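Quick note: the coordinates plus some simple rules give every number you see, no bench work behind them. Remember, predicted model here, so these are calculated numbers, not experimental data. Cβ sites come from the backbone with ideal geometry, for glycine too, and all protein chains shown count toward neighbours.
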Amino acid sequence: MFYGDFMHNVNHWLEQARYDLDTAHAMLNSKRYLYVVFCCQQAIEKSIKAIILSKTQKFPPRLHNLLRLAEIAEIEIEEDTRAFLGELSA
């Protein structure tokens, strides 16, 4: 993978994460709370996948478990955040 392609893919994951976060805000304003949670989970997942791609220069695995993805990305997570990510993954 060329460096330009690599950075394009990292940026793509981050752009998608931003879009999901913006969508979560719109859903919050319209009181569609289930979709707020879903979009926040998606934003976190895509952000972690960008980190994985950035660190490994390989496409991230097709997982949705935020804790497992964070482990693959070697992200240190505090216990309260770990519990929150576990609930979002459920």
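Taking θ as phi - 60° and the Karplus parameters 6.51, -1.76 and 1.60, the scalar couplings of the stretch 71-77 work out to 5, 4, 6, 6, 9, 7, 10 Hz in sequence order, x denoting glycine and proline. Coupling constants for the stretch 45-53 follow from the phi torsions by the Karplus curve (6.51 cos²θ - 1.76 cosθ + 1.60, θ = phi - 60°), and in residue order they are 4, 5, 5, 5, 5, 5, 5, 4, 4 Hz; glycine and proline get x.
Projecting the Cα positions of Ile51, Asn11, Ala83 onto the charge dipole of the stretch 3-89 (unit charges on Cβ atoms of Lys, Arg, Asp and Glu, taken about the Cα centre) puts Asn11 furthest along the positive direction. Remark: the stretch 81-90, residue by residue, has Karplus-estimated 3J(HN,Hα) of 5, 4, 5, 4, 5, x, 5, 5, 5, 6 Hz, where x stands for each Gly or Pro and the curve is 6.51 cos²θ - 1.76 cosθ + 1.60 at θ = phi - 60°. Rg and Dmax, both from the Cα atoms of the chain and both in Å, are 13.8, 43. Per-residue extension of 0.36 nm, minus the Cα-Cα distance of Glu76 and Arg62, leaves a gain of 2.9 nm for this segment. With both labels modelled 7 Å from their Cα along Cα-to-Cβ, the Tyr33 to His12 distance reads 3.6 nm.
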